[in-house]
1. With point charges of +1 on the Cβ of Lys and Arg and -1 on the Cβ of Asp and Glu, referenced to the Cα centre of region 11-116, which listed residue (Thr113, Asn58, Ala23) lies farthest in the positive direction of the dipole?
2. Rounded to the nearest Å, what's the spacing between the alpha carbon centres of region 75-116 and region 1-36? Just the number, please.
3. For a test of the definition: using alpha carbon positions, the gyration tensor, and the 1.5 limit on a/c, classify region 1-73 as rounded, prolate or oblate.
4. Quick check for me: using +1 on Lys/Arg Cβ and -1 on Asp/Glu Cβ, what's the dipole size of the chain about its Cα centre, in debye to the nearest 20?
5. If amide hydrogens are placed 1.01 Å from N in the peptide plane, which non-local residues have theirs closer than 5 Å to the one on Arg71?
6. If you build the Cα gyration tensor of region 41-112 and take the root of 5 times each eigenvalue, what three semi-axes come out, in whole angstrom, biggest first?
7. Where Lys and Arg each count +1 and Asp and Glu each count -1, what net charge lies around Ala40 among other residues with Cβ under 10 Å from its Cβ?
8. For Lys86, which sequence-distant residues (separation of 5 or more, or a different chain) have an amide H within less than 5 Å of its own amide H, given hydrogens modelled in the peptide plane?
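The values are calculated or read from the model by the stated rules, or taken from the named source; none is laboratory data. Since the model is a prediction, treat every value here as computed from it, not as a measurement. Heads up, the Cβs are rebuilt from the backbone with ideal geometry, glycines too, and the neighbour counts pull from every protein chain shown. These accessible areas exclude ligands, DNA and RNA; they are computed on the full protein's heavy atoms, side chains included. Shrake-Rupley method; radii C 1.70, N 1.55, O 1.52, S 1.80 Å.
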Amino acid sequence: QVQLVESGGGLVQAGGSLRLSCAASGSIFRFNGMGWYRQAPGKQREWVAAITRGGITNSADSVKGRFTISRDNAKNTVYLQMNSLKPEDTGVYYCYIDFVSYPRYWGQGTQVTVSS
């Protein structure tokens with residue numbers, strides 16, 4: 001069993017910053033990578049950023065240069081530092097964890113609202 005608990009969402013003005021956290025617990029020894037998706041109202045879920053077990057990161061073009069994904073191995077926590085936020089970044093942000101041989105697990109989501 002795997003649990004993902006997200007935190008850090010909220011309301012921020014355009015140009016502001018937020019840092020999301022995703023704490024993983026349970027049977028995560030064989031995880032392959034972690035990352036974030038987001039879903040805006042009325043839109044499909046969109047991949048945002050990911051970090052592999054080895055620490056290699058990647059992010060969507062829409063957030064490159066503004067969002068940074070990182071991980072604290074000691075705390076089994078992944079972070080998404082979001083700077084220069086725009087209204088179009090508004091949505092529910094979901095953390096996920098991938099395994100070699102198990103289905104992907106998702107967090108419950110955290111709301112990010114960017115006002116113009």
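1. Value computed over the given set: Ala23.
2. When both Cα centres are located, 6 Å separates them.
3. On the way: a/c = 1.72, a/b = 1.51, b/c = 1.14.
Note, shape of region 1-73 comes out prolate.
4. Working: 12 positive and 7 negative charges, 29 e Å.
So the dipole magnitude of the chain works out to roughly 140 debye.
5. Tyr79
6. Details: eigenvalues 88, 49, 26 Å².
Equivalent-ellipsoid dimensions as semi-axes: 21, 16, 11 Å.
7. On the way: positive: Arg38, Lys43, Arg45; negative: Glu46, Glu88, Asp89.
For residues surrounding Ala40, the net value is 0.
8. Hits under the 5 Å cutoff: Gly15.
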